[in-house]
């Protein structure tokens, strides 16, 4: 690639001035050829920088621009939580548990749900025994008899429409061309609930003891504004007022003996010897 200085030096003075005019170089008509070359080189350096592709600036949305702030001045948003708003969901559920089973669950009074899983060796052995024309069936066993439903083994689940308040169980089997069934797995029995509101009514009510009623009645003293200590004191005074025996408190024991009370001299040995 030829150097730009050589290109400018090969041009005559008229062409240099014409190029300087396009670049708007001042005093171009008074400059000599060597001076024009240097001025053109100086003018072309920033032009080459400006010719470079400008970085793409992403404009902020209209809603942000309307608030008078640019996208560059907005704080960076924190990365979203790795586990979502509900925290760590725990270990993922496995696709299979590696065991031969069929599980039956109640969905509502009129529907039950069956789910099954079979390991490869057990299913291969059953298919070899049943033959190529064997069909996968679910046996629904209930109080009204037994029925068969052909199912897709790859689906892994099946819904039954059943009767309320009944007991059911299912079995997964292969049915050969002669109708013989090869049982692969069986479920536990489940019972569907009854339709509607339960008719069980509790007719036994707890009887309130009469003594407890009397305590509650006595405790309800005043208009309900008394404290627990004041209510207890009022209940005690009420109880003593209804009995003929006067209560004795510590104040009576500390008071001086009255004329009706026995003094220590009345119980002296002299008095006892006169008897």
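Read-outs: derived from the displayed coordinates by stated rules, not from any lab. Every value quoted in this text rests on a predicted model; they were computed, and no experiment measured them. Please note: Cβ atoms are built from the backbone with ideal geometry, for glycine as well, and neighbour counts cover all protein chains shown.
With 21 Å as the cut-off, how large is the P(r) tail for the range 101-191, expressed as percent of Cα-Cα pairs?
29
Return the whole-Å distance between the Cα centroid of the range 105-128 and the Cα centroid of the range 144-172.
The range 105-128 and the range 144-172 have Cα centres separated by 10 Å.
Averaging sequence separations of C-alpha pairs under 8 Å and six or more residues apart, then dividing by the length of the range 127-205, give the relative contact order as a whole percent. The partial results should precede the final answer.
On the way: 120 pairs, mean separation 23.7, N = 79.
After rounding, I find 30 percent.
Beta carbons within 10 angstrom, averaged per residue: use that to sort the peptides 155-162, 7-14, highest first.
155-162, 7-14
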